[in-house]
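Reviewing the structure listed below.
The values are calculated or read from the model by the stated rules, or taken from the named source; none is laboratory data. Quick caveat: nothing in here was measured; it's all calculated off a predicted structure. Positions of Cβ are backbone-derived with ideal geometry, glycine not excepted, and every protein chain shown enters the neighbour counts. For accessibility, only protein heavy atoms count, side chains too; no ligands or nucleic acids. Shrake-Rupley method; radii C 1.70, N 1.55, O 1.52, S 1.80 Å.
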Amino acid sequence: MQFCSTRGFGRDGAGFGLEECLMTGYAKDGGLFMPQRLPKLSVEELASWHGLAFQDVAFNVLTKFTRDHLPEHALKAIIEEAFETFSAKEIVPIVDIGDAKAKRLISAELFHGPTYSFKDFGQQILCRMLDYYARKRSRTCTVLVSTTGDTGPAAIAAIKDTKKLRIICFYPKGQISRLQELQMTTVDASNVKVYPFQGGR
């Protein structure tokens, strides 16, 4: 599994490895990285995942993209650590919230992560992968974030306990919720810096 740019760079050639994509950020042509091809899943394989824990399903999906780049034991550790921070054992509880009018209304709850945002799912995995490769390179990496509310707190929560990452996060003063502001500005970690700026509406 190799990766290419959404704008075409690397699509027809050897492509790029996962480590290069994560540590580079954007492709040279300004595009985002994406798989050169999407893996195929059979109905039988999908059926075999029925009843698995969320972490096991996450491993089965992610390994299709990472198996050429990340050892299985490392990916399993990343996933386990990422979802230890969630308050619900199921990670994504499936809840029937139907009433007399809507007899069957099912909700997938995506707010059980450390910052109560769906962004926790991606950031907890992504930042641990970044930290894995930073430790592999024996270097400290800085993650620069500008947020309008959800991404900043989720990235800070994911990075604050890593070994080789630091984060600098900017947010528009007065334009995010008080909770989101506190989630960023009250973190006591030497690798976290947060700065407000005056932004236009």
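Table for the structure above
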{"item": "Using a Förster distance of 35 Å, the FRET efficiency for F65-F197 (Cβ separation, nearest 0.05)", "result": "0.50"}
{"item": "Surface per residue (accessible, 1.4 Å probe) for the chain, Å²", "result": "60 Å²"}
{"item": "Quotient of C-alpha Rg and 2.2 N^0.38 Å, computed over the stretch 68-182", "result": "1.27"}
{"item": "FRET efficiency for F118 and L41, using Cβ-Cβ distance with R0 set to 30 Å, rounded to 0.05", "result": "0.85"}
{"item": "With 5 Å bins from 0: P(r) over the chain, alpha-carbon pairs, percent", "result": "1, 7, 12, 15, 17, 17, 14, 9, 5, 2, 1, 0"}
{"item": "Percent of beta bridges antiparallel (DSSP, the stretch 60-201, rounded to nearest 5)", "result": "20 percent"}
{"item": "Translational diffusion coefficient (Stokes-Einstein; Kirkwood radius from C-alpha pairs) of the stretch 137-201 at 20 °C, 1.002 mPa s, in µm²/s", "result": "179 µm²/s"}
{"item": "For the stretch 39-135, projected area of the alpha-carbon convex hull averaged over all directions, nm²", "result": "8.0 nm²"}
{"item": "Cα shape, the stretch 97-144, gyration tensor, a/c 1.5 rule", "result": "prolate"}
{"item": "Rg in Å to one decimal, and Dmax rounded to a whole Å, for the stretch 43-94 via C-alpha atoms", "result": "11.8, 33"}
{"item": "Cross-link partners of K76 among aspartates and glutamates (Cα-Cα below 15 Å; sequence separation of 8 or more within a chain)", "result": "D56, D68, E84, D131"}
{"item": "Size of electric dipole in the stretch 6-155: Cβ of Lys, Arg +1 and of Asp, Glu -1, about Cα centre, debye, nearest 20", "result": "400 debye"}
{"item": "Rg over Rh [alpha-carbon atoms, Kirkwood Rh] for the stretch 1-96", "result": "1.04"}
{"item": "Computed E for T148/K103 - FRET, C-beta separation, R0 41 angstrom, nearest 0.05", "result": "0.65"}
{"item": "Top positive-direction residue, dipole computed over the stretch 63-185 with Cβ charges, set T140, T151, I78", "result": "T140"}
